[in-house]
Structures are given as C-alpha cells and as structure tokens.
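Before any comments, here is the structure.
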Amino acid sequence: MTKILVCAATALELEALGPFAEGVETLVTGAGSPSTAFFLAAYFSKKIPGLAIQAGITGSFRPEIGIGQVVQVREDYFADLGAQDRDGSFIPLDTLIREKNNPFQAYRLEPPDRYIMSGVLEVRAVTVNRVSGRQEEIDQMIKRLQPDIESMEGAAFFASCMVHRVPCLQLRAVSNRVEPRNRESWDIPLALNRLQESLARLQEILF
C-alpha cells in the first residue's frame, strides 16, 4: 500500500512542492472538478493510499486569511452545481436529485476520515467551475455560504476520497484575495513556498 498520495492540479505545482519522502506518490489531476474526479478514480482503481493529500493554491474571501497563509479544509461545497430558479436563486443538486450515498451529488462535504494537521487553520471552502471575478457574484457567494476560501477542485477531491474510503487532507495556501479579477495582486510563488514548508513539516510528522 502506498503510504501517501500527494495530488495537485498542475505539474508546476507539484514540482514546486517537492521533494517528497520515500513512500510518497504524486499525481497531476488537472484543473477543475471533472479532471480531478476522473484521474483520482483511475488512480484509486489501482491503488488505495493510507492518506491522500490535495495540495494547491486558493483564493481567500476573508482579509484575516491573508496571502501566503496555509489552511486545511474542514468542509467543502459544490457551490455552483445545481440549478437556477426563476427568481435567480440557487438550487443545490442534492435538492434536485436525492441520492444520499453518492458524495458527488451532495452539496456539503465533510469527509469522516479527514486527517487533521495540528496548528493549521481549518476553513470552509467552496468549489466552483468558474473562479469568481465579479463583485456581484462574490457578494452572492458570501451571502449564501459564508466561505473562507475558493478552489476549482476541492469538493471533487473530497468526494473521490469518500467514495473510495481514503483518509484525506486538503491543504491550500492563499495566493490571492477573491475580488474583482486582478492578477497583479496575486503572489503564487509565496503561496507555493509556504505550502512546500507545510508539506515538509507534515512529512516529518508522518514518517
């Protein structure tokens, strides 16, 4: 059994996060929920690790969770998977299709086998298919779910691990604020550096 799987959306992220200890395997899942779910399913069909870690960058909705801070996700939401009602309100998928045993059809995900890393802030995340870049939509997301951070893969990672009963940890470093799109204010190198430090500390704990 592989001790640990570390997955990330891109090869550049994984390269920045290494080196990894012996017994750690890595996987590039691609960006977005569909790609994440597909490549994790392919991996888990062959191997079940003792722990799966999704490592990546994220956007923060809250000024107190600043750029460079590393957080771990406690609960995640398929935030835009569902339907729009006639009045413009959002209808979650689990309200439309009631299949309680399928995490991919859930709205809120909190894995029962979640690994908790000591000393790292636990947060509520939303997973979106389109990264927020317009203030009106950002305000609506905050009003509806009061999220701390946003990603494009987190809920799919949690759901995949729940289906295959794999203990999991979603570890992310803030690279930007969730605000009207402004790439000049992002600091991806800092976020990846802080994430690498956290993964190195985690490997010391686990090995």
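Laboratory data are not the source of any read-out in this text; all were calculated from the coordinates shown. Values in this document were obtained by computation on a predicted structure and should not be read as measured data. When we count neighbours, we look across all protein chains shown, and the Cβ atoms used for this are built from the backbone with ideal geometry, even at glycine.
Annotations
- Using the Cβ of Leu145 as centre and a radius below 15 Å, the other residues enclosed give a net charge of -3, where K and R count +1 and D and E count -1.
- Converting phi to 3J(HN,Hα) with the Karplus coefficients 6.51, -1.76 and 1.60 and the offset θ = phi - 60°, segment 94-105 yields 6, 7, 7, 10, 9, 10, 5, 8, 10, x, 6, 9 Hz in sequence order, with x at every glycine or proline.
- Exposure proxy ranking, count of Cβ atoms within 10 Å, fewest first, for Asp139, Asp87: Asp87, Asp139
- Footprinting exposure proxy for Arg86, Arg114 (fewest neighbouring C-beta atoms within 10 Å first): Arg86, Arg114
- Separation of alpha-carbon centers, segment 57-110 and segment 129-207, rounded to whole Å: 12 Å
- Selection among Leu192, Leu202, Tyr107 by position relative to the dipole of the chain gives Tyr107 as farthest towards the positive end (Cβ unit charges, Cα centre).
- Summed side-chain charge close to Ala52 - residues other than Ala52 whose Cβ falls under 12 Å, Lys, Arg +1, Asp, Glu -1: +2
- Among the listed options (1) 0.95; (2) 1.03; (3) 1.42, the one matching Rg/Rh (Cα atoms, Kirkwood Rh) as calculated from these coordinates is (1).
- Helix-only CD estimate at 222 nm, as mean residue ellipticity for the chain, using -39500 (n - 2.57) per DSSP H run (n ≥ 4): -9500 deg cm²/dmol
- Our summary gives segment 4-206 a relative contact order of 32 percent, counting only alpha carbon pairs under 8 angstrom and 6 or more residues apart.
- Subtracting the Cα-Cα distance of Leu206 and Ile116 from their residue separation scaled by 0.36 nm leaves 31.2 nm.
- Residues with amide H under 5 Å from that of Ile57, placed H, sequence gap 5 or more: Ala173
- Our estimate of slack between Ser35 and Arg165, defined as 0.36 nm per intervening residue step minus the Cα-Cα distance, is 44.8 nm.
- Our estimate of slack between Arg86 and Arg62, defined as 0.36 nm per intervening residue step minus the Cα-Cα distance, is 5.6 nm.
- Cα-centre dipole for the chain with unit charges at Cβ (Lys and Arg positive, Asp and Glu negative), debye to 20: 340 debye
- Reach of Lys46 by Cα under 21 Å, taken over lysines that are not fewer than 8 positions away in the same chain: Lys3
- For segment 57-116, GluC sites (Glu not before Pro) are listed when DSSP marks them as loop and at most 14 other Cβ atoms sit within 10 Å of their Cβ; the list is Glu64, Glu99.
- Packing rank of 175-185, 122-132, 9-19, where each peptide gets the mean count of other beta carbons within 10 Å, highest leading: 122-132, 9-19, 175-185
- Shape call, segment 64-163: gyration tensor on alpha carbons, a/c limit 1.5: oblate
- Cys with no candidate disulfide partner in the chain (beta-carbon separation under 4.7 Å rule): Cys7
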